[in-house]
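Structure record follows, encoded as structure tokens.
Coordinate-derived values only; no laboratory data. Bear in mind that the values here come from a model prediction, so they are computed numbers and not experimental data. Glycine gets a Cβ as well: all are built from the backbone with ideal geometry, and neighbour counts include every protein chain shown.
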Amino acid sequence: MKYLKKYDYLLVGAGLFNAIIAYLAAKDGKKCLVVEKRNHIGGNVYCEDIEGINVHKYGAHIFHTKNKRIWQFMQSLTEFNHYINSPLAMYNNQLYNMPFNMNTFYQLWKTKTPAEAIAIIESQRLTVDNPRNLEEQALKLVGKDIYEKLIKGYTEKQWGKNAKELPPFIIKRIPLRFSYNNNYFDDPYQGIPIGGYNPIFRKCFASSDILLNTDFVTNSYLREKADKTIYTGMIDEYYDYCFGNLEYRSLRFEEEVLNIHSYQGNAVVNYTDSQIPYTRIIEHKYFEFGEQQKTVISKEYPDSWTKGKEPYYPINTTKNNSLYKQYESIAHKEKNLFFAGRLGEYKYNDMDQTVFNAIELYKKIN
């Protein structure tokens, strides 16, 4: 084994959480050993240069936040552009603006005023005090037309289940905007790193020793090489599934290089028809306002998760959350071992929350 010296931190996983830890540790003169099972750093935010386009290999990642301090911290790592996320939705070969706003309502019903749109939505809403499932919850929030055309098919593809079988809490709220505002996020700070995300990871891990293509689970002796371990892998896998398997959803991507200037004219188009197997098409050049002569698109397919596939996000049902609590109870007894990130904490956080959590954990354990 090449790296036998003692480290301050063993960082299992080379994604965003551990990148922030490594960056802060290096500023304090501490040394990190990074163990990553993939052949690259960057986790799911990794980009690949294809035809001069920074391709988001594991799906679209737009950094956005309300936290000015986190935004300033990220800008200290790299320069961001002014990209605004304005996806479109395709249903039955018709395009609709996202999020649901006055443009969407005009496309649905030809309404021109908020009062007209509100009247239609109110007339379609399901009157029920305690929705029993996701379908009832969505119908209560937005009514029949929006649900059936723009939510139902997409959601059922995403989760691999009928909407009537999904718990209502998955859709706690659905924003309705009675203005002509296509900005998907309501966060004041938003953008994409100029040149993609990879420079952030190169900067953060610059002082770290890195082992790629290395599975920590089968090389757990590496923990002895550091005073503290931060583990961003699957918590149930770490404990050899002693309480049972947590459930995850996976994704797969079909990527194409096209010898045309533009395919869809927008970075993200969602496909809400149930008969179309993918949930969205990403055209990567538009994240950075590209004018390349070719273009690269990715079709994103939701996929069931089994061992060996990449777990992209947890399925936070009551049953799974209860099972996670069992793993969390033994994790709390560990000395100098910290579970973090979406897989370690079994929670899907946005990137800004991930950065915040990493900063807070670093402060707590130093």
Filtered hits (lysines, Cα-Cα < 21 Å from residue 161, offset >= 8 within chain) -> 140, 144, 149, 152, 172, 299, 307, 309, 319, 347
Simple spin-label estimate for residue 172/residue 215, 7 Å along Cα→Cβ, in nm, reads 3.6 nm
From the Cα centre of segment 226-284 to that of segment 78-97, the distance in Å is 18 Å
The Cα radius of gyration of segment 204-324, divided by 2.2 N^0.38 Å with N its residue count, comes to 1.44
Fewest-first ordering of 347, 68 by Cβ atoms within 10 Å yields 68, 347
Restricted to the chain, the DSSP antiparallel beta bridge percent, nearest 5, is 60 percent
Using alpha-carbon positions, the gyration tensor of segment 98-171 gives root eigenvalues a ≥ b ≥ c; with a/c under 1.5 called rounded, otherwise prolate if a/b exceeds b/c, else oblate, the class is oblate
Surpassing 20 Å at the alpha-carbon level, of the pairs 6/335; 27/333; 335/363, are 27/333
The aspartates and glutamates whose Cα lies under 16 Å from the Cα of residue 68, excluding any fewer than 8 residues away in the same chain, are 79, 186, 187, 350, 352, 360
Listed by chain and number, the residues whose amide H is under 5 Å from that of residue 63, excluding neighbours fewer than 5 places away on the same chain and using placed H, are 191
Counting only DSSP beta bridges with both partners in segment 245-366, the antiparallel fraction in percent, to the nearest 5, comes to 95 percent
Percent of all alpha-carbon pairs of the chain at distances over 36 Å, whole number, is 27 percent
In debye to the nearest 20, the charge dipole size for segment 1-58, taken about the Cα centre with +1 at each Lys and Arg Cβ and -1 at each Asp and Glu Cβ, equals 440 debye
Residue by residue through segment 304-309, the couplings from Karplus 6.51 cos²θ - 1.76 cosθ + 1.60 with θ = phi - 60°, in Hz, x for Gly and Pro, are 5, 9, 9, 4, x, 8
For segment 42-193, the Cα gyration tensor yields equivalent-ellipsoid semi-axes (√(5λ), largest first, whole Å) of 32, 19, 16
Under the helix-only model (-39500 (n - 2.57) for each DSSP H run of 4 or more, divided by the residues of the chain), the mean residue ellipticity at 222 nm, to 500 deg cm²/dmol, is -8000 deg cm²/dmol
Quick calc of log₁₀ I(q)/I(0), segment 1-103, Debye, one scatterer on every Cα, no solvent, q values 0.12, 0.14 1/Å, result -0.62, -0.79
Applied in sequence order to segment 13-19, the curve 6.51 cos²θ - 1.76 cosθ + 1.60 (Karplus, θ = phi - 60°) yields integer Hz couplings, x standing for Gly and Pro, of x, 10, x, 5, 4, 6, 4
Residue separation between residue 68 and residue 227 times 0.36 nm, minus their alpha-carbon distance, gives in nm 54.0 nm
For 322-334, 9-21, ranked highest to lowest by mean beta-carbon neighbours within 10 Å, the order is 9-21, 322-334
Beyond 16 Å, the calculated P(r) of segment 275-359 holds a percent of Cα-Cα pairs equal to 71 percent
Counting Lys and Arg as +1 and Asp and Glu as -1 over every other residue whose Cβ sits under 12 Å from the Cβ of residue 195, the net charge comes to -1
With label points set 7 Å from each Cα along the Cα-to-Cβ direction at residue 264 and residue 183, the distance between them in nm comes to 2.3 nm
With +1 at each Lys and Arg Cβ and -1 at each Asp and Glu Cβ, the charge dipole magnitude of the chain around its Cα centre, to the nearest 20 debye, comes out at 820 debye
Which of 175, 131, 167 fluctuates most in a GNM of the chain (C-alpha springs under 10 Å)? That residue is 175
Computed for segment 98-171: size of charge dipole around the Cα centre, +1 on C-beta of each Lys and Arg, -1 on C-beta of each Asp and Glu, debye to nearest 20, value 160 debye
Taking the square root of 5λ for each eigenvalue of the C-alpha gyration tensor of segment 249-304, the equivalent ellipsoid has semi-axes, largest first and in whole angstrom, of 22, 11, 10
Subtracting the Cα-Cα distance of residue 109 and residue 80 from 0.36 nm times their residue separation yields 6.7 nm
The farthest towards the positive end of the charge dipole of the chain, of the residues 355, 98, 327, given +1 on Cβ of Lys and Arg and -1 on Cβ of Asp and Glu, is 327
Mean shadow area (nm²) of the C-alpha convex hull around segment 161-206 is 6.9 nm²
